[in-house]
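Only one structure is covered here, and it is reproduced in the block below.
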Amino acid sequence: MLPLLQLGKSSLASQAFVKGLIQGAIYAGIVIALLFLCLLPLIVKHIRKKQAKKAAAIRAKNSSKVRASQELEMCLKPEEPGKPIVTTFSESHILEKQDKRAS
């Protein structure tokens, strides 16, 4: 009778172990999910920062190319005597009116 009693105890012990193992796995999954949900805003913020830096670098690169091409165009335009190279809108408007009146 003693061997049967020991067999029953080991069966109960293994059942309790498996039950505890499953319960631990479930709790671990819940904890991992909660940590992920709490850290998700920080992860998104980090990713957006990286994308913003890349976009700024691309914009800066493109704007420098545009500025260089504009400067090249300005250099290629022949200068007219008596007219300033850079004028504001109002100055250019006034100059056009004067040119029309002179013609």
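For Val18, the solvent-accessible surface computed with a 1.4 Å probe is close to 70 Å², ligands and nucleic acids excluded. Counting 0.36 nm for each residue step from Glu96 to Ser14 and taking away their Cα separation leaves a gain of 19.7 nm. Segment Ala25..Leu40, full-extension length gain: 3.2 nm, with 0.36 nm per residue of separation and the alpha-carbon distance subtracted.
Starting from 0.36 nm per residue, how many nanometres of slack lie between Ile47 and Ala33 once their C-alpha separation is accounted for?
Values: separation 14, 0.36 × 14 = 5.04 nm, distance 1.99 nm.
Additional length available on full extension: 3.1 nm.
The values are calculated or read from the model by the stated rules, or taken from the named source; none is laboratory data. As the structure is a computational prediction, the values presented were derived from the model and not from experiment. The accessibility values were calculated without ligands, DNA or RNA, using every heavy atom of the protein model including side chains. Shrake-Rupley method; radii C 1.70, N 1.55, O 1.52, S 1.80 Å.
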